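Just below is one structure, and these are the notes that go with it.
Every number in this text was worked out from the coordinates using simple rules, so none of it is lab data. Quantities reported herein were computed from a predicted structural model and do not represent experimental measurements. FYI the Cβ positions are ideal-geometry reconstructions off the backbone, even for glycines, and counts take in every protein chain you see.
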Amino acid sequence: MSTVKSFEDLVCWQKGRILTKEIYKNFKHCNDLGFRDQIQRAGVSIISNIAEGFERGTQQEFLNYLFIAKGSAGEVRAQLYVALDIGYLNMETFKYLNGLAEECSKLIQSFSEKVKVGSRRGLQYKLIQKSDPTEELIKKAAPEVWKRAHPDK
C-alpha cells in the first residue's frame, strides 16, 4: 500500500473533484442563482473539507473534517432531488450525479473508518528528539570528554 503524501492522493477527494466539476457543468445555465450557488458550494465543500482536514495535522481534526465533507455529499444529494423534482435535471443526469455523490459519501465513510483505527495520530503528536543543553555545553567546552562519552557520534 502506498503512502498518502497529499490530499490529492485520496480517492475520496478525487471523486469529489469529479462530482464538483459535473455540478458546475450541469448547472452553469441554471437561472435559479440561489439554488445554483447552494449546490455548487456544497460540492466545493466536499473537497475543501477533505483537504483542510488532511492539512490540519491531527487524526481527530481530520476525522471531524471528513464527517463535514460527508455531510456536504448528503447535502448535494438532497439538492439533486430538488433539481429533479422541479425540472432542472432529467432522470438520466440525476442518476449519474446522485451516483457520484453516493460514491463520494461511501468513500469518505470507508476512509474515515481507516483513519479512526490508524496507528498514526498526526503530525502534531510526532515525537521529536530534543537536544540536551548540558550535552551541548560539554561538547563545546570539553570536546575530548564528549567524544569519549559518545564514540559512535
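For the reader, a short list of remarks on this structure follows.
- Glu135-Lys106 pseudo-label distance in nm [points 7 Å out on the Cα-to-Cβ vector]: 5.2 nm
- Sorted into 10 angstrom bins from 0, the C-alpha pair distances of the chain split as 11, 32, 19, 13, 9, 7, 6, 3, 0 percent.
- Theoretical FRET efficiency, 1/(1+(r/R0)^6), r = Cβ-Cβ of Glu55 and Glu144, R0 35 Å, to 0.05: 0.15
- Cβ-defined net charge surrounding Gly43, 10 Å radius [Lys, Arg +1; Asp, Glu -1]: +1
- 0 to 90° range, to nearest 10: angle between helix 59-85 axis and the chain longest Cα axis: 10 degrees
- Against the chain, whose longest principal axis comes from its Cα atoms, helix 11-27 is set at around 30 degrees.
- Of Lys28/Lys70; Lys5/Lys106; Lys5/Lys28; Lys5/Lys147; Lys28/Lys116, pairs whose Cα-Cα distance is over 28 Å: Lys5/Lys28; Lys5/Lys147; Lys28/Lys116
- Global geometry of the range 36-117, whether rounded, prolate or oblate, following the gyration tensor of its Cα atoms and the 1.5 cut on a/c: prolate
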